[in-house]
Amino acid sequence: PPRVLSGIQPTGNLHLGNYLGAIRKFVAMQDEMPCLFCVVDLHAITAKLVQDDLANQTRSIAAAYLAAGIDPERSVIFNQSRVSGHSELAWIFNCVARIGWMNRMTQFKDKAGKDRENASLGLLAYPSLMAADILVYRATHVPVGDDQKQHLELTRDIAIKFNNDFSQRIAASGLGREIPMGEEVVNGYFPITDPIIEGPATRVMSLKDGSKKMSKSDPSDLSRINLTDDAEAIARKVKKAKTDPDALPSETAGLAGRPEADNLVGIYAALAGTTRDEVLRQFGGQQFSAFKPALVDLAVESLGPVTAEMRRLLDDPGHIDAVLKSGGEKANAIASETIKDVKDIIGMLRD
Ligand code: TYM
């Protein structure tokens, strides 16, 4: 059966890229199928073990989920470390995946930098834990931004290898099911997950440099709009955003070779729930001096209520903790079934 799982790391401020590339999509997916949304605190410690105030960072992602409109009655909101199945399945996937697969991950190469020998083993195995996050719920759909594409391909590779390596045991255990795989249907245990990377803002770029992705770790705060920014900060950052001297083109093709213009038009389209084409029909021929104020108004109007609700929720951490606890129980009920099945397939004795 179809199911969504996605997650966000509790490291640093949430920004417009996280909101448009992920959180807004999460909200929309709730109408399509059952959903689980995780705060991935185990992933948060892979790059830097000791995190500043991990507990409050975790609460603040949960608050963003709730403030954006994820309904805890319909969707499961929880933090990853609460559900031991993630770590258990990740270990098994560490034995399914190959070191070479991990070494090829661009995010690992970026984060590990030059001194790869000194990166944590957890940073190398990060994608294996991510595959476990998804597959411990046998999730079929994963809404993410474009930067997670390679990790989701690896998740598919892990599912395929597990299904292949254990195909006889899966069949013998009676735990197999029909798994759609491209055009064919095979017998297997884990589904082959579909990444959902759609819409005008799958890769929101830095406001200061159209060739760099908007990121929590950019040292310049002017490079991103944080979910905690007030109207004044949003106005200042958009006003200072890098652009080129030309007017906006009247068609999308005219954005080619103009990364900053393309980015701002994409952000506008995503906030307005429309397309770049539609935005350019409205603003084509106008200067940035006219477009930027319109973008500020739209951003303040869409983000303002979310920010305010996030602040309100964070005043009552007890409520957020209760949501995470109850979500953790629901998640655990599903995850522990998968762990049982996987142990049976592998041949591990269990209670
Ligand atoms: P993280 O915490 O870096 O980012 C959370 C989500 O925000 C998206 N995103 C962006 N989208 C558009 N433009 C941007 N500039 C931008 N920056 C970030 C990310 O693509 C992501 O969807 N590995 C994941 C967390 C994770 C996960 C999972 C995701 C762990 N387990 C299982 C899905 C399923 C990460 O680091 O996301």
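The values are calculated or read from the model by the stated rules, or taken from the named source; none is laboratory data. This is a predicted model, so every value here is computed, not measured. Ideal geometry is used to build each Cβ from the backbone, glycine not excepted, and the neighbour counts take in all protein chains shown. What goes into the accessible areas is simple: the full protein's heavy atoms, side chains included, and nothing from ligands, DNA or RNA. Shrake-Rupley method; radii C 1.70, N 1.55, O 1.52, S 1.80 Å.
If you go through region 36-64 and keep only what is closer than 20 Å to SER87 by Cβ and either without any contact (Cβ under 8 Å) to a residue 60 or more places away in the chain or of a type in the set (S, T, N, Q) (or both), you end up with PHE37, ASP41, ALA44, THR46, LYS48, VAL50, GLN51, LEU54, ALA55, GLN57, THR58, ILE61. Looking across region 88-100, the residues that are open to solvent by 60 Å² or more (accessible area, probe 1.4 Å) and not hydrophobic (A, V, I, L, M, F, W, C) come down to GLU88, ASN94, ARG98. Among the candidates GLU337, GLU309, the residue that is out of contact with any Ser or Thr (no Cβ under 9 Å at 6 or more places or on another chain), farther than 30 Å from GLY85 by Cα and of a type outside the set (Ser, Thr, Tyr) is uniquely GLU309. Among the residues of region 154-168, the ones that are charged (D, E, K, R) and either within 13 Å of the ligand (Cβ to nearest atom) or assigned to a loop (DSSP other than H, G, I, E, B) (or both) come to 1 in all.
Would you kindly identify the helices (runs of 4 or more DSSP H) lying entirely within region 11-77 that contain at least 3 residues that are more than 9 Å from the ligand (Cβ to nearest atom) and surrounded by fewer than 19 Cβ atoms within 10 Å (Cβ to Cβ)? Those helices (runs of 4 or more DSSP H) span 54-68.
Kindly indicate which of SER167, SER173 is in contact with a Gly (Cβ under 8 Å, 6 or more places away or on another chain), more than 30 Å from SER289 (Cα to Cα), of a type in the set (Gly, Ala, Ser) and open to solvent by 40 Å² or more (accessible area, probe 1.4 Å). Spell out the reasoning first.
On the way: SER173 fails: in contact with a Gly (Cβ under 8 Å, 6 or more places away or on another chain).
Result: SER167 is the single residue among SER167, SER173 that is in contact with a Gly (Cβ under 8 Å, 6 or more places away or on another chain), more than 30 Å from SER289 (Cα to Cα), of a type in the set (Gly, Ala, Ser) and open to solvent by 40 Å² or more (accessible area, probe 1.4 Å).
Which condition number does ILE334 fail, the rest of (1) crowded, with 16+ Cβ neighbours inside 10 Å; (2) assigned by TED's automatic domain parsing to the domain that holds LEU14; (3) under 25 Å from ALA67 (Cα atoms) being met? With respect to (1) crowded, with 16+ Cβ neighbours inside 10 Å; (2) assigned by TED's automatic domain parsing to the domain that holds LEU14; (3) under 25 Å from ALA67 (Cα atoms), ILE334 is out only on (3). Within region 236-246, being open to solvent by less than 30 Å² (accessible area, probe 1.4 Å) and part of a loop (DSSP other than H, G, I, E, B) holds for one residue alone: ALA241. A single member of LEU207, LEU222 is more than 10 Å from the ligand (Cβ to nearest atom) and within 16 Å of VAL265 (Cα to Cα), and it is LEU207.
Of all the residues that make up region 180-191, how many are within 15 Å of the ligand (Cβ to nearest atom) and either touching a helix residue (DSSP H, G or I) at 6+ places or on another chain (Cβ under 6 Å) or not in a loop (DSSP other than H, G, I, E, B) (or both)? Spell out the reasoning first.
Here is the first cut: in region 180-191, the residues within 15 Å of the ligand (Cβ to nearest atom) are 190-191.
Filter once more, keeping what is either touching a helix residue (DSSP H, G or I) at 6+ places or on another chain (Cβ under 6 Å) or not in a loop (DSSP other than H, G, I, E, B) (or both): 190.
The total comes to 1.
Here the condition is being aliphatic (A, V, I, L, M) and either in a loop (DSSP other than H, G, I, E, B) or open to solvent by 60 Å² or more (accessible area, probe 1.4 Å) (or both); of ALA290, ALA253, ALA269, it holds for ALA253 alone. Selection of region 101-146 for residues being surrounded by fewer than 17 Cβ atoms within 10 Å (Cβ to Cβ), under 17 Å from the mean Cα position of the chain (by Cα) and away from the ligand (no atom under 11 Å from the Cβ) yields only THR106.
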